[in-house]
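Taking it in order: structure first as structure tokens, then the write-up.
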Amino acid sequence: MTDTAATTRQRDLDEIRRQVESERDRLEQELARLKGAGGNGSGREAPFHEHPTEHAGEMEEHERLQAIRENLQQMYSQCNEALGRLDRGEYGRCRSCGSEIAIERLRALPYATRCVPCKEAGRE
């Protein structure tokens, strides 16, 4: 890689780092908001005389919030993992073949760990 290409790639990686840090901060705020908004469920058990279907709406909302929380937590973890790879100098290398992941892919999916050919081939 030429010095110019290496400098350009480093500039791109610095920009991606800022993007990932910003996304991680946004996800952290969203997770905190969900927790503060009763994302852990109401904690109320139905009295013995009430039918379970009377609480179906509450249960559905609790399950929906739980799924959202799990998805946000997974994305938050992926951001932290990407930042760790950046810190260790491992970011942008395919875990399967070791080649450089295209910067366009990293911009679109900053936590990508595989190049397009390996991802399409289903390589682990």
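Straightening the chain between Q10 and R69 buys 17.9 nm, computed as 0.36 nm per residue apart minus the Cα-Cα spacing. Across segment 66-124, the relative contact order, built from alpha-carbon pairs under 8 Å that are at least six residues apart, equals 29 percent.
Multiplying the residue separation of I103 and S77 by 0.36 nm and subtracting their alpha-carbon distance yields 7.2 nm. How big is the gap, in Å, between the Cα center of segment 53-124 and the Cα center of segment 1-21? Measuring centre to centre over Cα atoms gives 20 Å.
Multiplying the residue separation of R33 and E120 by 0.36 nm and removing their Cα-Cα distance gives an extension gain of 27.7 nm.
Read-outs: derived from the displayed coordinates by stated rules, not from any lab. None of the values given here were measured: they were computed from a predicted structure.
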